[in-house]
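Bear in mind these aren't lab numbers, they're just calculated from the coordinates by the rules spelled out. A quick note: this is a predicted structure, and the numbers were derived from the prediction, not measured. FYI the Cβ positions are ideal-geometry reconstructions off the backbone, even for glycines, and counts take in every protein chain you see.
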Amino acid sequence: MNVKKTYVAKIEGLLTKEEINKIKRGIVIDNRKVKIENFRVRKKDIVKNTSLVEITIHEGRNHIVKRIFSSLNHDVVKLTRTGYDFLTLDGLKSGEYRDLTIKEVKKLYSLQK
């Protein structure tokens with residue numbers, strides 16, 4: 001299933017331009033290249049030496065986002081999936097949820113094909 005997943009990650013350290021370019025080109029994990037659809041640095045905290053990044057991938061491999069940053073020697077401190085194809089967390093506070101509409105459920109099932 002080729003579903004777009006968007007994550008926001010807080011990582012230790014500040015990414016260099018070289019590391020950002022490497023991520024955008026795609027990183028090889030377990031002899032397979034991870035295609036990064038979208039990547040951006042949202043915020044850099046020089047005092048705390050952390051970065052807040054947003055990354056969109058189509059992968060579903062185990063802990064793939066943590067492994068991407070680990071390959072660049074940056075630990076992920078916090079990770080949140082903010083989007084799953086057309087579904088987002090927009091309008092929801094931390095810990096909140098909402099029921100999916102029938103239309104959304106049907107659309108999710110159609111992604112399996």
key: Computed label-point distance, nm, for sites VAL77 and GLU54 using a 7 Å Cα→Cβ extension   = 2.0 nm
ask   = All other residues with a Cβ under 14 Å from the Cβ of ILE27 taken together, and with Lys, Arg as +1 and Asp, Glu as -1, what is their net charge?
value = +4
query = When the chain is fully extended, how far beyond the present Cα-Cα distance does ARG98 get from ASN31, taking 0.36 nm per residue of separation?
reply = 20.3 nm
remark   = Here the Kirkwood hydrodynamic radius of region 1-79, Cα-based and in Å, equals 12.6 Å
remark   = Quick calc: nm separation of the 7 Å Cα→Cβ label points for ASN62 and GLU18 -> 3.2 nm
key: Rg/Rh (Cα only; Kirkwood hydrodynamic radius) as it applies to region 33-113   = 1.02
ask   = How far apart, in nm, are the 7 Å Cα→Cβ label points at PHE86 and LYS43?
value = 3.1 nm
key: Mean ellipticity per residue at 222 nm, deg cm²/dmol - from DSSP H runs of n ≥ 4 across the chain, formula -39500 (n - 2.57)   = -6000 deg cm²/dmol
